[in-house]
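Participant: Sending over a structure as structure tokens; questions will come in a sec.
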Amino acid sequence: MLAPFRWASGAVVRVAPDLFEPEVRNKFRDEVFATMALCPKLRFELRTAHPSAYQEFVRVIEDDRAEYLAWRVSAATILRKLDRYHEASGPGPVWPLENVVLVDQGS
């Protein structure tokens, strides 16, 4: 989860596995999306066979305050691991994240 923080600005990251497979837990998704949000100078490409699950995940984060706050806990945990806990305050990113692109699984 912390490796992207060492990568050069502009790097393209192909995220694997498919985050929206039914067996993937939301806590893991939250952690991955927290890393992506905290690395805005990287471009993340998500490949999924479940684009509607991606759309629903983003919609819930945008619309449900409790889910958004749960996601923020994941972001704060990552910042604490980086000894950057002081950055955990503030309004947070705008959803959907601009540096995340959904790529057709067949591409």
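The values are calculated or read from the model by the stated rules, or taken from the named source; none is laboratory data. Given the structure is predicted, the values throughout are model-derived calculations rather than measurements. For neighbour counting, all protein chains shown are included, and Cβ atoms are generated from backbone atoms with ideal geometry for every residue, glycine included.
Participant: When the stretch 54-99 is examined, which residues are found to be more than 22 Å from R6 (Cα to Cα), aliphatic (A, V, I, L, M), over 14 Å from the mean Cα position of the chain (by Cα) and assigned to a loop (DSSP other than H, G, I, E, B)?
Facilitator: Matches in the stretch 54-99: none.
Participant: Could you check the stretch 15-46 and list, in sequence order, the residues that are over 22 Å from A88 (Cα atoms), in contact (Cβ under 8 Å) with a residue 40 or more places away in the chain and surrounded by fewer than 18 Cβ atoms within 10 Å (Cβ to Cβ)?
Facilitator: D18, E45
Participant: With the structure loaded, tell me whether F44 is within 14 Å of L102 (Cα to Cα), modelled with pLDDT of 95 or more and in a helix (DSSP H, G or I) or whether it fails that test.
Facilitator: Answer is no for this residue.
Participant: Still on this structure: Taking the stretch 10-41 only, how many residues are within 19 Å of R84 (Cα to Cα) and in a loop (DSSP other than H, G, I, E, B)?
Facilitator: Here the count works out to 3.
Participant: Same structure again: Using the structure shown, decide if V12 is at pLDDT 95 or above and surrounded by 14 or more Cβ atoms within 10 Å (Cβ to Cβ).
Facilitator: no
Participant: Are any residues in the stretch 52-91 within 30 Å of D104 (Cβ to Cβ) and either in contact (Cβ under 8 Å) with a residue 40 or more places away in the chain or among the small types (G, A, S) (or both), and if so, which ones?
Facilitator: Hits for the stretch 52-91 are S52, A53, Y54, A70, W71, S74, A75, I78.
Participant: Then there's this: Quick check on S89: is it modelled with pLDDT under 95, of a type outside the set (F, W, Y) and crowded, with 17+ Cβ neighbours inside 10 Å?
Facilitator: When the stated conditions are applied, S89 does not pass them.
Participant: Within the stretch 41-83, track down each residue that is touching a Gly at 6+ places or on another chain (Cβ under 7 Å) and either of a type in the set (G, A, S) or farther than 24 Å from A8 by Cα (or both).
Facilitator: R72
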